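Step one of this worksheet: look at the structure below.
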Amino acid sequence: MDEESPGPRARPRTGIRVLLAAPGFARLWGVGGVSNAMRQFEILAAALFTFQITHSGLAVAVVSACRNLPMLLLGALAGVVSERLDRKAILVAAQAVSGVASATVAALAWTGAVSPAAWPWVLAAAALASGVMWSTEGATRRRMLGETLPPALLARGFAFDSLTNALVRLAGPLAAGIAFQTLGLAGAYTISATCYAWAALIALGVHHHQAPARQVARHVGRELLEGLHYAWNHPVIAGVLAITITTNVFAFSYIALVTPIAERHFGVPASLVGVLAASEPVGALIAGSYLARNGAPCGGRLLMVGGTLLFLTAVAIMPRMPNFTLACLVMIPGGCGTAAFSAMQTALIATHAPPEIRSRLMGLLTVCIGCGPLVL
């Protein structure tokens, strides 16, 4: 019998619905959106309250660092643990512990049980607990997210996830400012505790199968070294980790300088500082939406390198613009670069890493992301 001649090549499916239809994708995406929004929400709420009672920029920096530094210190260990323990259980626990930390702050604020001098320590402890849980994000939720999709949709799936992160970077601080102004610290942290509880419930509904493995404490060091050795000897993964360190140290660190650049260099009032801060996420939303719908227009490595160079260039020339409007406009294409960078850094590791070591490599990626606070 003659073979049936192949028909015209089918065009790849586009649109967001094909991603959301993948089993488990919508729930994992929803958990990430809620938890990341509350992370941004609490960072601003804690900073506002800490500065209000201490008038110390150092105190604000310490509280913020307690939330970010666990990524640097514990990300690799989280990757090893996530290879052995049930990743769904870790994901649920991360939301629950963060929710308990937020609920504790809210309860102390409602009851007035903490003196003003002790509040920075309370907020730092809550931030540290949430930060430890957030250090598991890459090795658990984002790995699980990639496992719900076929390889052809990985780049689009992670682009959609990064698109959501850009959206919450816009909406989270705005919502925190409004909540803190109208409801105070107690009300703001009550909102975040409620949202974390909701995220934990969503995570409980995720169907996840993982081959059982016994965690042996004496093997942790060896497995860490195995992950480092694999990354060092794999050109694509080593390149992703190196670019991630470069981008977080030399590009994303501009966020700490937004206020002095806007107010002192361009001479704009405080009410316009947020416009400059929002310009990069606007670009990330535009590019992320395109990538999520249509996929990468070129190879993943080229897209990541190109996006990184675009972002670095925007950050470098933004303070040199002759006026504030042009500075904001420059950061919009810079945000397009961050969308490409963010989507491909995870997609490339998910594509090139074998399953038995993938969480360890995602943990190393978390460490590289955590390098950013070192320059703040």
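Every number here is computed from the coordinates shown, using simple stated rules; none is lab data. Just so it is clear, the model here is predicted, and its values are computed rather than measured. Using ideal geometry, Cβ is built from the backbone for each residue, glycine included, and neighbour counts are taken over all protein chains shown.
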- Item | Rounded Å value of the spacing that divides the Cα centres of the stretch 15-56 and the stretch 268-297 | 16
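How high is the relative contact order of the stretch 67-224? Use alpha-carbon pairs under 8 Å, at least six apart in sequence, and give a whole percent. Mind dumping the intermediate values first?
On the way: 139 pairs, mean separation 72.4, N = 158.
Relative contact order comes out at 46 percent.
Can you tell me which of 96-105, 76-85, 51-60 comes out highest on packing, and rank the rest after it, using the mean Cβ neighbours within 10 Å? Walk me through the numbers before you get to the answer.
Details: 96-105: 21.5, 76-85: 23.1, 51-60: 14.0.
By packing density, highest mean first, the sequence is 76-85, 96-105, 51-60.
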- Rounded to the nearest Å, what's the spacing between the alpha carbon centres of the stretch 141-156 and the stretch 69-121? Just the number, please. 26
- Cβ charges +1 (Lys, Arg) and -1 (Asp, Glu), total dipole of the chain, debye: 80
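Output the peptides 232-238, 173-179 sorted from most to least packed, where packing is the average of other Cβ atoms within 10 Å over each peptide's residues.
Values: 232-238: 13.9, 173-179: 17.9.
Output ranking for 232-238, 173-179: 173-179, 232-238.
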- Task: Specify the residue with the greatest mean-square fluctuation among Leu149, Leu91, Leu329, computed from a Gaussian network of the chain linking alpha-carbon atoms under 10 Å apart.
- Result: Leu329
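Against the 2.2 N^0.38 Å scaling, with N counting residues, where does the stretch 42-183 land? I'd like the Cα-based Rg ratio to two decimal places. Please report the intermediate quantities before stating the final value.
On the way: Rg = 17.1 Å, N = 142, 2.2 N^0.38 = 14.5 Å.
Scaled against compact globular proteins, the figure is 1.18.
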- Can you tell me the relative contact order of the chain? Whole percent, Cα pairs under 8 Å, sequence separation 6 or more. 29
- Once all Cα-Cα distances of the stretch 130-169 are split into 5 Å bins that start at 0, what whole-number percent is in each one? 6, 22, 23, 26, 16, 6, 2
- Note on the structure: Residue span Val62 to Leu174: 0.36 nm per residue of separation minus Cα-Cα distance leaves a gain in nm of 38.1 nm
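If you count, for each residue, the other Cβ atoms within 10 Å and average over each peptide, how do 16-23, 281-288 line up from highest to lowest?
281-288, 16-23
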- Candidates Glu147, Glu137, Glu356, ranked by Gaussian network fluctuation over the chain, Cα under 10 Å, top entry: Glu356
- Item | For the chain, built as a Gaussian network whose Cα springs stay under 10 Å, the top-fluctuating residue of Ile43, Ile261, Ile245 | Ile261
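May I ask for the percentage of alpha-carbon pairs in the chain that lie more than 30 Å from each other?
Values: 27811 of 70500 pairs.
I get 39 percent for the Cα pairs in the chain exceeding 30 Å.
When only C-alpha pairs under 8 Å and at least 6 residues apart count, what is the relative contact order of the stretch 248-358, in percent? Before the final figure, lay out each step's value.
Values: 127 pairs, mean separation 36.6, N = 111.
With pairs under 8 Å counted, the relative contact order is 33 percent.
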- Note on the structure: Diffusion coefficient in µm²/s returned for the stretch 161-245 by Stokes-Einstein, Kirkwood Rh over C-alpha pairs, 25 °C and 0.890 mPa s, is 140
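So if I take the alpha carbon set of the stretch 231-376, get Rg, then get Rh from the Kirkwood formula, what is the Rg over Rh ratio? Before the final figure, lay out the partial values.
Working: Rg = 16.3 Å, Rh = 15.9 Å.
Ratio of gyration radius to Kirkwood radius: 1.02.
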- What is the distance, in nm, between label points placed 7 Å from the Cα along the Cα-to-Cβ direction at Val282 and at Val97? 3.9
- Item | trypsin sites (Lys or Arg not before Pro) lying in DSSP loop within the stretch 174-251, provided at most 13 other Cβ fall within 10 Å | Arg214
- Task: Could you work out the local net charge near Ala94, counting Lys and Arg as +1, Asp and Glu as -1, over the other residues with Cβ closer than 9 Å to its Cβ?
- Result: 0
